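Engineer: Quick one: this structure, given as structure tokens, is what I'll be asking you about.
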Amino acid sequence: MIHNRDMIPERPAPKSVIGPLAWLRANLFNGPINSLFTLIGLYLVYLLFVPAIQWAFINADWIGTSRDDCSREGACWVFVNARFSQFIYGLYPSEETWRPNIIFAGFFTLIAWLAIPRLPLKRWVAAFALLAFPVIAFVLLHGGYFNLTVVPTSQWGGLMLTLLLATVGMIAALPIGIMLALGRRSEMPIVKSFCVVFIEFWRGVPLITILFMASVMLPLFLPGDINIDRLVRALIGITLFQSAYMAEVIRGGLQAIPKGQEEAAAALGMTYWKRMGLIVLPQALKMMIPGIVNTFISLFKDTTLVMIIGLFDLLGIVQAALSDSRWLGFSLEGYVFAAFMFWIFCFSMSRYSQYLERKLHTGHRN
Amino acid sequence: MSVKSTPRPAGQKPPFWRDRAKRALIFQLLLITAVAAFLLYIVGNTQDNLSERGITTGFGFLSNTAGFGIVQSLIDYSSQSTYGRTFVVGLLNTLLVGGLGVLAATIIGFTVGIARLSPNWLIARLANVYIETFRNIPLLLQIFFWYFAVLRTLPSARESMAFGEAIFLNVRGLYLPQPLFESGFGLIPATFLVAIAASIALMIWNKRRHEATGKRIPAGWLSLVLIFGLPLVVLIATGVPVTWEMPELRGFNFRGGITVIPEFLALWLALSIYTASFIAEIVRSGIQAISHGQTEAAQALSLPRNLILKLIVIPQAMRVIIPPLTSQYLNLIKNSSLATAIGYPDLVSVFAGTTLNQTGQAIEVIAMTMAVYLTISLLVSMFMNWFNARVALVER
């Protein structure tokens with residue numbers, strides 16, 4: 001018998017299976033049809049991305065102060081540079097921008113704290129973010145207390161206003177949404193039908209008509225001597241709209257909790273509010289976070305509509321800057337900048353929600 | 001933990017606040033009172049405000065002369081027409097951009113969604129770039145982009161871009177040849193309808209025969225041939241009773257043909273491209289939701305690849321796809337109200353915009369506008385409920 005006591009040394013896999021060439025063959029050129037598609041795809045990339053990169057980076061002007069500094073045929077980012085502080089703060093007085101800056105810093109710190117799973121004290125931070133922070137933000141932004149000069153809401157704008165509309169709309173809609181979702185699952189017929197009608201009404205009409213309604217009809221609904229700020233009117237409309245969408249997300253989360261949980265709580269003698277507040281909602285809310293983030297993304301994009309009723313959010317202020325006679329003809333740059341800002345926010349939020357979905361996905365995948 | 005409780009003497013009823021039914025009744029009565037009080041407060045205030053401003057309520061204004069023109073209308077309209085007609089023109093324009101938007105968004109969305117699952121790495125990446133780019137940018141921004149940055153910067157009518165001397169594109173819009181139907185053309189749509197009816201009959205017959213005998217004919221292809229071939233044959237047999245009116249440059253503008261205004265083009269492009277990115281995701285997740293075991297089982301039965309797709313994957317994927325798809329269609333129609341930002345004469349723009357400003361009848365105008373969208377929503381959700389009940393899995 002022949003024994004070979006030594007192990008045969010490992011040999012690398014054949015060249016036809018590994019390496020970039022094999023990858024190309026497996027993923028791009030396996031078969032004539034796929035090769036054709038690859039070639040078409042390459043041509044598309046050449047057609048779209050090459051001129052875009054040339055325009056945005058290679059042939060672009062970056063520094064300067066006026067349109068005379070835009071000499072090359074590419075993009076003129078000087079325009080965005082010159083208007084940058086307006087795009088972020090709107091018409092907020094420039095010597096007071098430290099106030100929004102503090103709020104921006106606090107806002108992003110809170111968001112990061114809540115989003116990163118490792119950091120402790122989530123519950124307290126969330127309570128602070130939902131209850132105390134909005135008050136601090138209002139006092140600091142609006143002024144009038146502690147010797148701060150008053151900055152009327154008509155001067156708020158830009159990215160600051162966009163974030164403000166989206167987050168305030170969201171925070172205000174959360175409790176209303178929870179109430180509506182619970183009401184829609186209620187066994188009391190009048191409560192249930194009231195909630196169904198409320199939700200379906202606000203979900204059935206476009207946000208723009210709600211904003212029109214808030215800005216035109218709301219003053220008619222109130223006694224003549226009460227005058228509501230235009231920003232508050234928009235916020236009321238956005239909150240009503242958002243709470244209906246939120247209610248549906250929350251209802252979906254509630255439905256995912258097995259009925260046994262509530263029945264067990266009832267068997268322990270808990271009242272309705274204890275059953276909901278201590279057993280069902282904590283479990284459901286955790287599962288709803290991806291859905292809530294998704295509705296927040298749509299709300300964030302939808303806040304651009306407030307420019308139609310005369311508020312200057314990020315898109316509104318860009319649009320206004322484009323009609324400045326000193327900077328005519330830079331609409332592409334303005335829109336690309338605004339699109340980039342919105343894209344960064346929405347894309348990172350949607351990635352976060354996908355990450356959460358994967359993390360929370362404990363079900364059985366077939 | 002010990003709970004002290006004294007048993008209630010027999011025959012004594014619990015106090016009313018411990019009785020669930022009574023508590024529910026009281027709570028609901030309170031709710032009704034609160035809502036009614038709120039409504040009364042609003043109505044009272046509104047009446048005071050309206051009488052103060054001298055606005056009369058009612059729908060009488062609908063028969064007044066509007067006095068403004070509309071750049072695009074599907075029915076006869078002039079500045080002498082009434083506000084009621086303005087409403088109809090706006091509604092039709094909304095439905096036009098909505099319908100064409102749904103069509104284009106479906107085509108782009110399904111193509112991109114399937115491309116996203118392509119084994120070809122490059123194609124899948126490109127589809128992903130499309131989806132992630134367009135769904136993360138606000139729709140209004142995209143509408144502005146197409147309108148102000150693309151279509152408004154096109155050359156003037158004299159230097160317009162020509163596609164084969166028939167289609168022209170310039171800053172004033174897109175000019176297409178218009179078909180002029182001669183007498184005898186009515187036969188072609190008639191044959192078209194007949195062909196559709198025949199194909200439906202063929203499908204039903206094929207399905208019954210398949211269930212009874214196991215044999216099937218390629219009814220899908222046959223009906224495609226029927227629906228497009230038959231009218232074509234009739235068209236040629238009757239000697240093509242259509243002439244095309246070409247757009248022609250006269251002076252500073254084009255005359256003749258169909259004019260597509262740039263507002264429509266911008267809105268339609270933005271709506272279709274934006275919604276398509278959502279539809280693509282729906283299609284992708286719908287196809288991925290079909291478990292791999294289904295495909296493998298079909299392969300084990302030695303079904304060919306096209307039949308696996310047609311009989312196993314697509315019917316099951318459609319069950320997952322259609323509910324979110326309809327809600328995207330609904331979103332598209334609601335989003336078409338953004339037309340007002342660039343001046344496309346849709347319902348919100350001409351009615352909740354111009355008419356409201358001219359008449360001051362805020363309540364009636366906004367209520368009518370909302371009612372239109374609510375009706376569309378309700379119709380769609382009724383369809384959804386019907387569809388869900390029809391395709392719902394009957395589980396153990």
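The values are calculated or read from the model by the stated rules, or taken from the named source; none is laboratory data. These figures come from a predicted structure and were not determined experimentally. Neighbour counts run over all protein chains shown; Cβ positions are idealised from the backbone, glycine included.
Engineer: Taking only pairs six or more apart or across chains, which ones have beta-carbon atoms under 6 Å, a first residue in segment A:149-164 that is modelled with pLDDT under 80, and a second residue that is surrounded by fewer than 20 Cβ atoms within 10 Å (Cβ to Cβ) and of a type in the set (Gly, Ala, Ser)?
Structural biologist: So the pair list comes out as A:149/A:143; A:150/A:143; A:150/A:144; A:151/A:143.
Engineer: Could I ask something else about it? Which condition does residue A:274 not pass, out of (1) in contact with a Ser or Thr (Cβ under 9 Å, 6 or more places away or on another chain); (2) more than 30 Å from residue A:216 (Cβ to Cβ); (3) assigned to a helix (DSSP H, G or I); (4) of a type outside the set (Asp, Glu), if it passes all the others?
Structural biologist: Failed condition: (1).
Engineer: When you look at residue B:90, is it within 14 Å of chain A (Cβ to nearest Cβ), in contact with a Phe, Trp or Tyr (Cβ under 9 Å, 6 or more places away or on another chain) and crowded, with 19+ Cβ neighbours inside 10 Å, yes or no?
Structural biologist: When the stated conditions are applied, residue B:90 passes them.
Engineer: Only residues that are touching a residue at least 24 places away in the same chain (Cβ under 8 Å), facing chain B (nearest Cβ under 10 Å) and under 14 Å from residue A:159 (Cα atoms): list them for segment A:321-340, please.
Structural biologist: Those that are touching a residue at least 24 places away in the same chain (Cβ under 8 Å), facing chain B (nearest Cβ under 10 Å) and under 14 Å from residue A:159 (Cα atoms): A:334, A:338.
Engineer: Which is surrounded by 15 or more Cβ atoms within 10 Å (Cβ to Cβ), in contact with a Gly (Cβ under 8 Å, 6 or more places away or on another chain) and not acidic (Asp, Glu), of B:373, B:344?
Structural biologist: It is B:373.
Engineer: Then there's this: If the requirement is being modelled with pLDDT of 85 or more and surrounded by 12 or more Cβ atoms within 10 Å (Cβ to Cβ), which of these qualifies: B:325, B:301?
Structural biologist: Result: B:325 is the single residue among B:325, B:301 that is modelled with pLDDT of 85 or more and surrounded by 12 or more Cβ atoms within 10 Å (Cβ to Cβ).
Engineer: Please go through (1) of a type outside the set (Lys, Arg); (2) within 14 Å of chain B (Cβ to nearest Cβ); (3) within 30 Å of residue A:319 (Cα to Cα) for residue A:22 and return the number of the only condition it doesn't satisfy.
Structural biologist: Status for residue A:22: all satisfied but (3).
Engineer: So, one more: Among what's in segment B:36-82 and is outside any loop (DSSP other than H, G, I, E, B) and among the small types (Gly, Ala, Ser), pick the residue that is farthest from the chain's Cα centre (by Cα).
Structural biologist: My answer is B:51.
Engineer: Restricting to segment B:154-186, give me the number of residues that are surrounded by 15 or more Cβ atoms within 10 Å (Cβ to Cβ) and not aromatic (Phe, Trp, Tyr).
Structural biologist: Residues that pass the stated criteria total 11.
Engineer: Now for a different question. Within segment B:211-236, can you find the residues that are over 20 Å from residue B:310 (Cα atoms) and either touching a strand residue (DSSP E or B) at 6+ places or on another chain (Cβ under 9 Å) or surrounded by 10 or more Cβ atoms within 10 Å (Cβ to Cβ) (or both)?
Structural biologist: Those that are over 20 Å from residue B:310 (Cα atoms) and either touching a strand residue (DSSP E or B) at 6+ places or on another chain (Cβ under 9 Å) or surrounded by 10 or more Cβ atoms within 10 Å (Cβ to Cβ) (or both): B:226, B:227, B:228, B:229, B:230, B:231, B:232, B:233, B:234, B:235.
Engineer: Then there's this: Take residue A:254 and decide whether it is out of contact with any Phe, Trp or Tyr (no Cβ under 7 Å at 6 or more places or on another chain), farther than 26 Å from residue B:48 by Cα, in contact (Cβ under 8 Å) with a residue 40 or more places away in the chain and assigned to a helix (DSSP H, G or I). Spell out the reasoning first.
Structural biologist: Working: out of contact with any Phe, Trp or Tyr (no Cβ under 7 Å at 6 or more places or on another chain): yes; farther than 26 Å from residue B:48 by Cα: yes; in contact (Cβ under 8 Å) with a residue 40 or more places away in the chain: yes; assigned to a helix (DSSP H, G or I): yes.
Against the criterion (out of contact with any Phe, Trp or Tyr (no Cβ under 7 Å at 6 or more places or on another chain), farther than 26 Å from residue B:48 by Cα, in contact (Cβ under 8 Å) with a residue 40 or more places away in the chain and assigned to a helix (DSSP H, G or I)), residue A:254 qualifies.
Engineer: To continue, here is another question. Do the conditions hold for residue A:126, that is, is it farther than 16 Å from residue A:142 by Cα, touching a residue at least 60 places away in the same chain (Cβ under 8 Å) and not basic (Lys, Arg)?
Structural biologist: Numbers: farther than 16 Å from residue A:142 by Cα: yes; touching a residue at least 60 places away in the same chain (Cβ under 8 Å): no; not basic (Lys, Arg): yes.
Criteria not met by residue A:126.
Engineer: What is the one condition in (1) of a type in the set (Ser, Thr, Tyr); (2) in contact (Cβ under 8 Å) with a residue 40 or more places away in the chain; (3) assigned to a helix (DSSP H, G or I) that residue A:109 does not satisfy?
Structural biologist: Result: residue A:109 fails condition (2) only.
Residues checked against (1) surrounded by 13 or more Cβ atoms within 10 Å (Cβ to Cβ); (2) assigned to a loop (DSSP other than H, G, I, E, B); (3) of a type in the set (Gly, Ala, Ser):
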{"residue": "A:154", "(1), (2), (3)": "yes, no, yes"}
{"residue": "A:162", "(1), (2), (3)": "yes, no, no"}
{"residue": "A:168", "(1), (2), (3)": "yes, no, no"}
{"residue": "A:182", "(1), (2), (3)": "yes, no, no"}
{"residue": "A:187", "(1), (2), (3)": "no, yes, no"}
{"residue": "A:202", "(1), (2), (3)": "yes, no, no"}
{"residue": "A:209", "(1), (2), (3)": "yes, no, no"}
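Engineer: Just give me the residues in segment B:304-318 being surrounded by fewer than 18 Cβ atoms within 10 Å (Cβ to Cβ) and either part of a helix (DSSP H, G or I) or touching a Pro at 6+ places or on another chain (Cβ under 9 Å) (or both), in sequence order.
Structural biologist: Kept after step one, since they are surrounded by fewer than 18 Cβ atoms within 10 Å (Cβ to Cβ), are these residues of segment B:304-318: B:304-307, B:309-311, B:313-315, B:318.
Answer for segment B:304-318, where residues must be surrounded by fewer than 18 Cβ atoms within 10 Å (Cβ to Cβ) and either part of a helix (DSSP H, G or I) or touching a Pro at 6+ places or on another chain (Cβ under 9 Å) (or both): B:305, B:306, B:307, B:309, B:310, B:311, B:313, B:314, B:315, B:318.
Engineer: Do you know which residues across segment B:134-147 are free of Cβ contacts under 8 Å to residues at least 24 places away in the same chain and assigned to a helix (DSSP H, G or I)?
Structural biologist: Result: B:141, single match.
Engineer: Report whether or not residue A:316 is outside any helix (DSSP H, G or I) and within 11 Å of chain B (Cβ to nearest Cβ).
Structural biologist: no
Engineer: Looking at segment A:40-48, is at least one residue over 30 Å from residue A:75 (Cα atoms), free of Cβ contacts under 8 Å to residues at least 60 places away in the same chain and not assigned by TED's automatic domain parsing to the domain that holds residue A:336? Quick ask: steps written out before the conclusion?
Structural biologist: Just the residues of segment A:40-48 that are over 30 Å from residue A:75 (Cα atoms), to begin with: none.
Checked against the condition, which is being over 30 Å from residue A:75 (Cα atoms), free of Cβ contacts under 8 Å to residues at least 60 places away in the same chain and not assigned by TED's automatic domain parsing to the domain that holds residue A:336, segment A:40-48 yields no hits at all.
Engineer: Across segment B:268-289, what is the total count of residues that are under 14 Å from residue B:146 (Cβ atoms) and not in a helix (DSSP H, G or I)?
Structural biologist: Residues meeting the conditions: 0.
Engineer: Taking segment A:219-240 on its own, how many of its residues are surrounded by 17 or more Cβ atoms within 10 Å (Cβ to Cβ) and at pLDDT 85 or above?
Structural biologist: Going through segment A:219-240 one residue at a time, the tally reaches 9.
Engineer: Let me ask something else. Scan segment A:114-152 for residues that are basic (Lys, Arg) and not in a helix (DSSP H, G or I) and report the count.
Structural biologist: 1
Engineer: Identify all residues within segment A:217-240 that are within 11 Å of chain B (Cβ to nearest Cβ) and in contact with a helix residue (DSSP H, G or I) (Cβ under 8 Å, 6 or more places away or on another chain); write none if there are none.
Structural biologist: A:217, A:218, A:219, A:220, A:221, A:222, A:223, A:224 - these are the residues of segment A:217-240 that are within 11 Å of chain B (Cβ to nearest Cβ) and in contact with a helix residue (DSSP H, G or I) (Cβ under 8 Å, 6 or more places away or on another chain).
Engineer: Kindly check whether there is at least one residue in segment A:68-82 that is touching a strand residue (DSSP E or B) at 6+ places or on another chain (Cβ under 8 Å), modelled with pLDDT under 80 and loosely packed, with under 14 Cβ neighbours inside 10 Å.
Structural biologist: yes
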